[in-house]
Amino acid sequence: METFKSWMKDWKYPTSLLCIYGFFSTVKPLEPFLIPYLTGPDKNLTMEQVTNQVFPVWTYSYLVVLVPVFLLTDWLRYKPVMVFQCSALFATTAMLLWLHGVLEMQVVQFTYGVVTSCDIAYFTYLYSMVELKHYLKATSYCRTAQLLGYTIGSVLGQVLVSFELLSYYYILVFTMVLTSMAWITTILLPMPNTSMFFHQMKEASRETDGIDEEQVGSDKPLEPEGTDIAVEKGTVTNKDVQSNDQSSSEKHLDAVQVDGSGKQKKELEESNDTSSGKGSKTGGCGEVLLRLWRDFLQCFSSRTLLYWSAWWALATCGYNQTVNYVQSLWEHVEPSNNFTVYNGGVEAISNLFGAAAAYGIGFSSADWSRWGEMALGALSALEGGALFAMVFSGNIWVCYCGYIIFKSLYMLLITIAMFQIAAGLNMERYALVFGANTFCALVFQTILTSVVVDSRGLGLDIVTQFTIYGAYFSVIALVFFVRGLYTTIRRRHVMETPRDELEGTCNAEKDTEIINGTKL
């Protein structure tokens with residue numbers, strides 16, 4: 001019993017539950033066959049209706065509800081939003097099962113946009129419950145669980161469709177059962193004590209009051225407990241504390257001054273003033289929004305984080321467009337009524353490779369802060385090349401292989417980006433940055449959808465769309481590869497310059513010693 005209780009207090013307990021939730025919520029056997037289902041006898045929609053009228057609604061709804069959901073996620077402290085997400089996913093599957101017509105399918109896409117907007121609660125909950133030193137492994141585990149869920153769902157869907165074991169109707173019923181299991185898992189998740197904005201001030205004031213009481217009632221200096229000392233939610237580690245031999249209050253102040261994320265003494269004073277001024281209150285909505293804006297400016301004042309976030313937003317935009325409309329391209333290259341489709345198998349392989357890449361990153365020792373930008377550029381170029389191969393080959397098997405390469409590379413890079421951003425941030429701000437990146441990606445995606453895809457815009461055919469997506473990733477690759485090359489050369493020059501100066505100083509000193517020590 002004691003072992004179980006200690007395990008529940010460890011970071012592995014919430015991570016394990018999140019992995020279970022991520023697995024069951026992503027097992028969707030029908031998803032690889034959504035286009036054949038909607039254009040088949042079950043719904044009787046045309047390809048033009050699905051591509052240019054139904055699917056764009058998801059992008060628009062995702063953008064509209066993302067900001068309100070983000071604020072609710074913080075206010076409700078993550079877990080209730082995850083419970084709501086499962087409920088909305090269950091409702092989406094039910095409507096997809098029983099509703100018909102273009103308008104009804106647009107409602108389904110709107111509801112699914114609400115579901116995907118709640119994804120931000122998944123990893124923000126994780127980082128609120130896990131210490132900084134476990135970020136990389138926890139991120140890789142949860143990302144792997146999600147990808148394994150997609151893989152199992154795709155394999156299961158391919159088997160059920162190929163061998164005609166279940167109809168599309170009963171596959172959706174089975175999906176609803178799996179969603180119910182994910183919903184039960186969310187109930188078991190522990191509730192975080194704090195959040196980024198709405199519940200931060202109350203906890204900070206309590207901690208401040210507790211410190212003052214201990215100092216008044218005891219002459220002992222404060223000593224850190226555990227492996228990490230918490231200043232503003234755990235951003236200062238023992239390494240920072242051990243580097244100072246000053247008194248307790250001086251340690252607390254100096255640790256903030258030398259923190260790796262660049263926070264200054266001024267930030268500590270502002271947070272103390274805020275918490276002490278408000279007492280046990282959490283502050284009004286206007287005050288929270290003002291604090292959100294200030295923290296937003298502070299987070300994105302880091303140039304390195306800004307580059308990683310820019311790639312996140314741009315690449316996620318292109319990835320979402322590709323994944324949303326790739327089945328339309330497959331249907332164009334090889335119609336499903338003339339060919340036994342293997343969409344489920346392809347999705348399974350791509351998710352399996354992506355899961356392996358995400359899991360392997362957790363054990364990588366590469367210095368991504370040094371080589372990350374060049375990796376973003378080089379691998380984004382491969383993504384663009386895979387999209388061009390899918391478009392110009394005209395062969396369904398080349399399309400399948402190109403999609404596997406594209407998706408696996410994206411899963412690899414987004415896992416690295418998430419870790420780099422989370423590791424460089426205070427725990428109070430990761431949800432803000434994740435939400436801002438997702439919002440920017442949706443803004444780009446909305447512009448791209450309204451101009452390229454929507455029937456009220458250009459309404460381009462699927463081949464032209466994917467040609468644009470390939471060029472889009474090529475531009476991303478060029479920008480980040482050039483940026484990474486410049487950063488590497490500049491860093492090497494900065495490292496070599498002090499060495500040359502030091503060698504010159506040493507040589508000058510030796511010459512002086514020789515001159516002074518020589519007897520004429």
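Things worth noting here:
- Among the candidates L89, L38, the residue that is at pLDDT 90 or above, under 29 Å from V433 (Cα atoms) and open to solvent by less than 50 Å² (accessible area, probe 1.4 Å) is uniquely L89.
- Residue within the stretch 402-412 that is open to solvent by 80 Å² or more (accessible area, probe 1.4 Å) and modelled with pLDDT of 85 or more present: yes
- Number of positions in the stretch 123-145 that are part of a helix (DSSP H, G or I) and open to solvent by less than 30 Å² (accessible area, probe 1.4 Å): 13
- Filtered residues of the stretch 26-35 (kept if under 23 Å from the mean Cα position of the chain (by Cα) and either open to solvent by 20 Å² or more (accessible area, probe 1.4 Å) or more than 27 Å from T185 (Cα to Cα) (or both)): K28, E31
- With respect to being modelled with pLDDT of 80 or more and either over 25 Å from T438 (Cβ atoms) or assigned to a helix (DSSP H, G or I) (or both), Y359 falls outside the description.
- With respect to being in contact with a Gly (Cβ under 9 Å, 6 or more places away or on another chain) and buried (at least 23 other Cβ atoms within 10 Å of the Cβ), M374 falls outside the description.
- For the stretch 115-122, the count of residues that are within 19 Å of N52 (Cβ to Cβ) and outside any helix (DSSP H, G or I) is zero.
- The set of residues from the stretch 147-158 being surrounded by fewer than 24 Cβ atoms within 10 Å (Cβ to Cβ) and closer than 16 Å to L17 by Cα comprises just one member, L148.
- Test set (1) in a helix (DSSP H, G or I); (2) over 30 Å from R429 (Cα atoms); (3) modelled with pLDDT under 90 - M390 fails condition number: (3)
- For the stretch 337-355, the set of residues classified as open to solvent by 40 Å² or more (accessible area, probe 1.4 Å) and either in contact (Cβ under 8 Å) with a residue 24 or more places away in the chain or touching a helix residue (DSSP H, G or I) at 6+ places or on another chain (Cβ under 6 Å) (or both) consists of F339, T340, Y342, I349, L352, F353, listed by residue number.
- Test for E164: is it among the charged types (D, E, K, R), surrounded by fewer than 23 Cβ atoms within 10 Å (Cβ to Cβ) and closer than 22 Å to M82 by Cα: no
- With respect to (1) in a helix (DSSP H, G or I); (2) within 27 Å of the chain's Cα centre (by Cα); (3) at pLDDT below 90; (4) surrounded by fewer than 20 Cβ atoms within 10 Å (Cβ to Cβ), the lone exception for M191 is condition (1).
- Of the residues in the stretch 63-78, not one is open to solvent by 60 Å² or more (accessible area, probe 1.4 Å), in contact with a Leu (Cβ under 8 Å, 6 or more places away or on another chain) and under 30 Å from Q49 (Cα atoms).
- Comparison of Y60, Y37 shows that the only residue that is hydroxyl-bearing (S, T, Y), part of a helix (DSSP H, G or I) and within 24 Å of V452 (Cα to Cα) is Y60.
- Residue match in the stretch 474-497 (condition: of a type in the set (A, V, I, L, M), open to solvent by less than 60 Å² (accessible area, probe 1.4 Å) and at pLDDT 90 or above): yes
- Residue match in the stretch 444-460 (condition: open to solvent by 40 Å² or more (accessible area, probe 1.4 Å) and over 19 Å from S61 (Cβ atoms)): yes
- Boolean, V443 is over 27 Å from Y122 (Cβ atoms) and either free of Cβ contacts under 8 Å to residues at least 12 places away in the same chain or in a helix (DSSP H, G or I) (or both): no
- Restricting the stretch 164-188 to residues that are in a loop (DSSP other than H, G, I, E, B) and at pLDDT 90 or above, the residue that is nearest to Q327 (Cα to Cα): S167
The values are calculated or read from the model by the stated rules, or taken from the named source; none is laboratory data. Since this is a predicted model, take the numbers as computed values, not measurements. Here Cβ is always computed from backbone atoms with ideal geometry, including for glycine, and neighbour counts include all displayed protein chains. Ligands, DNA and RNA are excluded from the accessible area calculation, which covers all protein heavy atoms including side chains. Shrake-Rupley method; radii C 1.70, N 1.55, O 1.52, S 1.80 Å.
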